[in-house]
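**Student:** Just dropping this structure here.
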Amino acid sequence: MIRPAEKADATAVVPIINIVLEEMELPFLDHVDQATFFKVLAQAFQTEDYRYSYRHGLVNVRAGKVVGVAFGYPETAEAHIDDALQPFLPQLGVAADDKVFADKEAYPNEWYLDTLAVASAYQHQGVGSELLAAVPAVARQQGLPKVGLNVDLANPNAKKLYSKMGYQVVGRVKLAGHDYEHMQLTV
């Protein structure tokens, strides 16, 4: 079952988000213990406007358990999408004025799918595909004609899934030192 994320989902959602963050090899993660990071991410998830706020998320629930997540937002929100995280950064040993995500990710006039992640035990069972299929409706509800996402060049399986769902490569970006292709779907 796909549904909007809720504040009460925090402890289930955080480890799933972390799968993607670890793959991105963000430098600040090398200097913080996981328990502290999960606590901070859970607090930020419960804010209203953060990148990983419950308000920006969809969850896939199977047998009463959150097993997959999708987070996104309109490109116009990107400039301030991490502002809600700033008060929590000192808990991670990061200066409050630092940017965890400094690179521009979204393209103009799109709803940007920032994160799509599935719990390890539920991968290759259609969880991600179900979430991905629900995303265009969110973009349409917000009056946006496209969904955009970035796929790591080192992840051809993800690109294959996105292509199968109708996404097309429209450009390239570099995020946290990794090369990505930017893909879009017209909704």
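**Student:** Which value results for Rg/Rh of the stretch 20-81 when Rg is the Cα radius of gyration and Rh the Kirkwood radius based on the inverse mean 1/r? List each step's numbers first, then the result.
**Tutor:** Details: Rg = 13.1 Å, Rh = 13.2 Å.
Result for the stretch 20-81 is an Rg/Rh of 0.99.
**Student:** Could you give the dipole magnitude of the chain about its Cα centre, charging the beta-carbon of Lys and Arg +1 and that of Asp and Glu -1, in debye to the nearest 20?
**Tutor:** Working: 16 positive and 23 negative charges, 163 e Å.
Charge dipole, the chain, about its Cα centre: 780 debye, nearest 20.
**Student:** Could you report the accessible area of Asp152 in Å², rounded to 10, computed with a 1.4 Å probe on the protein chains as they sit in the structure?
**Tutor:** Result for Asp152: roughly 40 Å² accessible.
**Student:** Treat every Asp and Glu Cβ in the stretch 45-131 as -1 and every Lys and Arg Cβ as +1, leave all other atoms uncharged, and give the resulting dipole magnitude about the Cα centre to the nearest 20 debye. Write down the numbers at each step before the final one.
**Tutor:** On the way: 6 positive and 13 negative charges, 107 e Å.
Roughly 520 debye, rounded to the nearest 20.
**Student:** A further question on this structure: Which three extents, in whole angstrom, do the alpha-carbon atoms of the stretch 91-187 cover along their principal axes, largest first?
**Tutor:** Principal-axis extents of the stretch 91-187 (Cα, largest first): 40, 35, 24 Å.
**Student:** Considering only protein heavy atoms, with the full assembly of protein chains and a 1.4 angstrom probe, order Phe71, Phe88 by accessible area, largest first.
**Tutor:** On the way: Phe71 0, Phe88 35 Å².
Greatest to least solvent exposure: Phe88, Phe71.
**Student:** To continue, here is another question. In 10 Å bins starting at 0, how do the alpha-carbon pair distances of the chain split up by percent?
**Tutor:** The calculated distribution, bin by bin, is 9, 38, 40, 12, 0.
**Student:** Aspartates and glutamates within cross-link reach of Lys159: Cα-Cα under 15 Å, excluding same-chain residues under 8 positions apart?
**Tutor:** Cα-Cα hits under 15 Å: Asp114, Asp179, Glu181.
**Student:** Moving on to the next point. Kindly sort Met165, Met183, Met1 by accessible area of their heavy atoms, largest first, with the probe set to 1.4 Å. Intermediate results must be reported in sequence, preceding the final value.
**Tutor:** On the way: Met165 60, Met183 0, Met1 130 Å².
Greatest to least solvent exposure: Met1, Met165, Met183.
**Student:** Where does the chain land at 222 nm, in deg cm²/dmol rounded to the nearest 500, when only DSSP H runs of n ≥ 4 count, each adding -39500 (n - 2.57), divided by all residues?
**Tutor:** The helix contribution divided over the chain gives -8500 deg cm²/dmol.
**Student:** Okay, moving on. Compute the signed sum of charges (Lys and Arg +1, Asp and Glu -1) over the other residues within less than 12 Å, Cβ to Cβ, of Asn155.
**Tutor:** Working: positive: Lys159, Lys160; negative: Glu23, Asp152, Asp179, Glu181.
So the surrounding residues net to -2.
The values are calculated or read from the model by the stated rules, or taken from the named source; none is laboratory data. Not measured: the values here are computed from a predicted model. So basically every Cβ, Gly included, is an ideal-geometry build from the backbone, and we count neighbours across all protein chains shown. Ligands, DNA and RNA are stripped out before the accessible areas are found, and what is left, the full protein with its side chains, is counted by its heavy atoms. Shrake-Rupley method; radii C 1.70, N 1.55, O 1.52, S 1.80 Å.
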